[in-house]
Amino acid sequence: MTAVSVDAKGDRVFAIALALAGWVIKFIAVVLVIATFNFILVHAAPGDPAQVIAGQSGASDEKLLAQLRAEYGLDKPYPIQLATYLKRVVTLDLGYSYRQQRTVASLILERLPATLLLTATAFSLALLSGIILGTLAGVRAGKWSDTVLTVVSLLLYATPVFWLGLMLVLLFSVQLDWLPAFGYVTIGVPMTALQRMVDIGWHLILPAVSLAAVYLAIYTRLMRSSVLDVTHQDFIKTAKAKGLKQGRIIIRHILRNAMLPIVTVAGMQAGALVGGAVVIETVFAWPGLGRLIYDALLQRDYPVLLGVFLVMSVIVIALNLLTDAIYRVIDPRVSVRAAS
Amino acid sequence: MNRREFAKLLGLSATALSGVPLGIARATGQTRGGTLNTIIQPEPPILVTAINQQQPTLTVGGKLYESLLRYDFDLKPIPGLAKSWEVSPDGLTYTFKLFPNITFHDGKPLTSEDVIFTMTKVLMETHARGRVTFARIAKAEAPDPLTVIFTLKSPFAPFLTSLDCTTAPILPKHIYEGTDYRKNPANAQAIGCGPFKLKEWVKGSHIHFVRHEGYHRPGEPYLDEIIYRAIPDGASRTVAVEQGKVQLTQWGDIEFFEVPRLSKLPNYEVSTKGYEFFAPHQWIELNNRIKPMDDKRFRQAVMHAIDRKAMLQRIYFGLGKLATGPISSKTRFYDKNVKTYDYSVDKAKALLDEMGLKPGPDGKRVTLRYLISPVSEANTRAAEFLRQSLGRVGIDLQLQTTDIAGWAQKFADWDYDMTANLVYQFGDPALGVARTYISSNIKKGILFSNTAGYSNPEVDRLFEEAAVATSDDKRQELYSQVQRILVEDVPVVWTFEQDYPNFIDKRLKNVLSTAIGVHETFGAVSFG
């Protein structure tokens, strides 16, 4: 091994380390800015946890309020509260909910799987069916099947998600009695692991479909127009001229190129999907993060609220990175351009 | 095709979907076994009623924790943990004899030491309304494990009305002594001496109770399990009732506007009993500090301007009774012989004219803010009804919306003109009524204090004397007097004694047996 190559290697390692360090610093800065912003927003709302507890207890006195405010650290001035909070964020400590007598991290971890299951299912469902339906509509543009798909997707897009959820419950639970109306698992029945999985899946159908509906509509419409765009380009004409079969043209040439806008939008919306889950989780009594946020907001449970916001911000940042990565896989030009 | 057949059709395992097997066995008289499914909303933060007294905590925790006494529908004391009790003639010494063989969920015995520790130490720290009463204890003695003697500093008749399980739940001394009660890790296990103990709590989903095998009352509990499901959405709760997924609802689980429709379901009976202890009293709070609400003629005019009967029927679907004054007819010492205010737009206008509040060119005499109390959907509708009613006599209301935290803050800090308030009476005027009207309780920042800022030395004196008087006749006389003065002065505009519908599966027995109804232990509840 020559001295030169060691230097060159060292330089490269150094460059990568520098880039990584820059990225980490940026990430931390973004998270801290978000955390500060969250803190200000949350405290700008009128009322505090002590008053909520008093309000729901039917009785109150000075001692109760003072005790609760001291527990939450609300007796200190705002800048000190903010500094304490940021210090905890840096040390990855999400804090403690005095209301629930638990650490915020344990509360979030307990709820995260349910939300991930719901949103991942809804997201995959929406993306997959959106791509298929949108492509079908795109290649049959102008025919009656295209019209039907377009109208249905427009209707779905315009439907409020909670209303759709309630209507599905009325039809499939109340009228037909095929699917459970709420909850995530049948309670109080001994089950094997397999039975439990099936049972959870069974409870998942209605909330996942309701949550997926709006996004399904967006992807279908987006995919349709994207497919239409690509279909009129020269390389498709070339492919046709070469005598390729229709199916092969759609899959190899149209789809791959038409996917790009979908990936961009889907990446941005994955975060919004978690937000949409608040409503669906409430309608279907699904024990996820969305419900935790909603309850924490009404109760002004600041540590929980800030903790969930922070975790969600990190998830959204991570998803954006993932989108970048997927972009490179689908479209080789992206990485070529980046390298040059 | 039902869910089971549908599942089979799809080749899925139907065992998990077949619903809960009740496993009921018929014993002598009452049926043994079974699972009671019910609703809890919002989900309580913790289950220890001594530490948190939010409504859902009290409902759920009543199954885990017991207290010395229970109360029948007329608020007369009946045995709880105490099988008998005696009050000395001077009203100072209270002696309670406990039932033998009471055990906590961890198997340790409950003795007089636990009672004294909880009431004189824990509740003094953690229970805002309990400590008002228990601060009057001068001396607490335990001559033997089954006897508790409390000596009060001065006579306080409502002491005997403050020993229900929402006010004085008994905690195990061996677990809590010398600890920070609020942060004690044992709070997660919620160890009490009630007929049910905590098996599992899946946050956001359900709370699962099973029978406490060492429960001291023979034969109890009859049920094997109770499951409280957290169902946050009102429409979903309605579906749960319609489908028979739950056998009991309480408080505002079912929105008022759904009650007439659901009452027709054949498998439920609807009862509004079991709220006698709380006796939720609803009124419109008028900030007495602000002109023109500082004038009693204005407040009387508001009383005349509202068609309360129509409001009760249309907004609250008849779930309640018109209030005649500060004391609920469910509470002790209620007197119906007071001045009445009939619905009369003319009388209201005449009173406003008399005080010189003439309508402007736009017909408005005065514009006031109305802070909507966000505790129920019906309150928003009620606010719209009031806006129309008062508009007819020239009082213009500007509606303000907020959430519960915002409402509590603004209201407690007196930053409001008018708002709706719902206040519990806690079985005795000295505990639940006086606090709204006595001037020593005008305290900024404190909810359920004298937030309206009404002040009348005569009223102060009467409430004070009535609290310490030892004979019921004397107390009745004083409270009758104070009711007449308050109804004349109208510090707040009383609307209804609010009722809440309990939907109860017809197979269930003994659900509502005391003045705290659904908060009771449920040891005697059974399927048939």
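The values are calculated or read from the model by the stated rules, or taken from the named source; none is laboratory data. The model shown is predicted, which means the values in this text are computed figures rather than measured ones. Positions of Cβ are backbone-derived with ideal geometry, glycine not excepted, and every protein chain shown enters the neighbour counts.
Do we have residue A:277 as crowded, with 24+ Cβ neighbours inside 10 Å, more than 10 Å from chain B (Cβ to nearest Cβ) and closer than 21 Å to residue A:167 by Cα here?
In short, yes.
Can you tell me which residue among B:130, B:107 is farther than 30 Å from residue A:65 by Cα and either among the small types (Gly, Ala, Ser) or surrounded by fewer than 22 Cβ atoms within 10 Å (Cβ to Cβ) (or both)?
Result: B:107 is the single residue among B:130, B:107 that is farther than 30 Å from residue A:65 by Cα and either among the small types (Gly, Ala, Ser) or surrounded by fewer than 22 Cβ atoms within 10 Å (Cβ to Cβ) (or both).
From the list B:64, B:12, B:17, exactly one residue is modelled with pLDDT of 90 or more and surrounded by 17 or more Cβ atoms within 10 Å (Cβ to Cβ). Which is it?
B:64
On the basis of being within 17 Å of residue B:52 (Cα to Cα), hydroxyl-bearing (Ser, Thr, Tyr), within 26 Å of the chain's Cα centre (by Cα) and not in a loop (DSSP other than H, G, I, E, B), does residue B:166 make the cut?
no
Considering only residues that are farther than 27 Å from residue A:57 by Cβ and more than 9 Å from chain A (Cβ to nearest Cβ), look in region B:242-255 and name the one that is farthest from the chain's Cα centre (by Cα).
B:244
Report, ordered by the first and then the second residue, all pairs with beta carbons closer than 6 Å, sequence separation of six or more or different chains, a first member in region B:57-80 that is touching a residue at least 60 places away in the same chain (Cβ under 8 Å), and a second member that is assigned to a helix (DSSP H, G or I) and of a type outside the set (A, V, I, L, M, F, W, C).
From residues that are touching a residue at least 60 places away in the same chain (Cβ under 8 Å), the pairs are B:58/B:519; B:59/B:519; B:62/B:519.
In region A:140-179, what residues are out of contact with any Lys or Arg (no Cβ under 9 Å at 6 or more places or on another chain), away from chain B (no Cβ under 14 Å) and not in a loop (DSSP other than H, G, I, E, B)?
Within region A:140-179, A:144, A:145, A:147, A:148, A:151, A:152, A:155, A:156, A:158 qualify.
Does residue B:115 meet the test of being of a type in the set (A, V, I, L, M), within 14 Å of chain A (Cβ to nearest Cβ) and outside any loop (DSSP other than H, G, I, E, B)?
No, not satisfied.
For residues that are in contact (Cβ under 8 Å) with a residue 24 or more places away in the chain and on the phi > 0 side of the Ramachandran plot, scanning just region B:280-323, find the one that is nearest to the chain's Cα centre (by Cα).
B:320
How many of the residues making up region A:32-55 are over 29 Å from residue A:313 (Cα atoms) and either surrounded by fewer than 17 Cβ atoms within 10 Å (Cβ to Cβ) or touching a Ser or Thr at 6+ places or on another chain (Cβ under 9 Å) (or both)?
1
Quick one: is residue A:118 touching a residue at least 12 places away in the same chain (Cβ under 8 Å), within 30 Å of residue B:188 (Cα to Cα) and either within 17 Å of the chain's Cα centre (by Cα) or assigned to a loop (DSSP other than H, G, I, E, B) (or both)?
Judged against the criteria, residue A:118 is a match.
Mind checking which residues of region A:184-209 are within 8 Å of another protein chain (Cβ to nearest Cβ) and either of a type in the set (Val, Ile, Thr) or out of contact with any Phe, Trp or Tyr (no Cβ under 8 Å at 6 or more places or on another chain) (or both)?
Across region A:184-209, the qualifying residues are A:185, A:186, A:187, A:188, A:189, A:191, A:194, A:195, A:196, A:198, A:199, A:202.
Could you tell me whether region A:297-309 includes any residue that is assigned to a helix (DSSP H, G or I) and modelled with pLDDT under 85?
No: zero hits.
Scan region A:1-20 and give yes if some residue there is within 25 Å of the chain's Cα centre (by Cα), at negative phi, modelled with pLDDT under 85 and part of a helix (DSSP H, G or I), otherwise no.
Looking through region A:1-20, none of the residues is within 25 Å of the chain's Cα centre (by Cα), at negative phi, modelled with pLDDT under 85 and part of a helix (DSSP H, G or I).
Just need a number here: residues in region A:44-87 that are under 30 Å from residue B:424 (Cα atoms) and assigned to a helix (DSSP H, G or I).
Of the residues in region A:44-87, 19 are under 30 Å from residue B:424 (Cα atoms) and assigned to a helix (DSSP H, G or I).
Does region A:297-316 hold any residues that are closer than 20 Å to residue A:84 by Cα and within 12 Å of chain B (Cβ to nearest Cβ), and which are they?
Those that are closer than 20 Å to residue A:84 by Cα and within 12 Å of chain B (Cβ to nearest Cβ): A:300, A:301, A:302, A:304, A:305.
Return the total of residues in region B:209-237 being at the interface with chain A (Cβ under 7 Å from one of its Cβ atoms), surrounded by fewer than 24 Cβ atoms within 10 Å (Cβ to Cβ) and either part of a loop (DSSP other than H, G, I, E, B) or out of contact with any helix residue (DSSP H, G or I) (no Cβ under 9 Å at 6 or more places or on another chain) (or both).
4
Of the residues B:370, B:341, which single one is within 30 Å of the chain's Cα centre (by Cα), farther than 30 Å from residue B:472 by Cβ and aromatic (Phe, Trp, Tyr)?
After applying the criteria, what remains is B:370.
Looking at B:451, B:436, B:495 in this structure, which one is outside any loop (DSSP other than H, G, I, E, B), within 14 Å of another protein chain (Cβ to nearest Cβ), over 30 Å from residue B:522 (Cα atoms) and at pLDDT 95 or above?
B:436
Which of the residues belonging to region A:39-58 are within 22 Å of residue B:55 (Cα to Cα) and either touching a strand residue (DSSP E or B) at 6+ places or on another chain (Cβ under 9 Å) or away from chain B (no Cβ under 11 Å) (or both)?
The one that is within 22 Å of residue B:55 (Cα to Cα) and either touching a strand residue (DSSP E or B) at 6+ places or on another chain (Cβ under 9 Å) or away from chain B (no Cβ under 11 Å) (or both): A:58.
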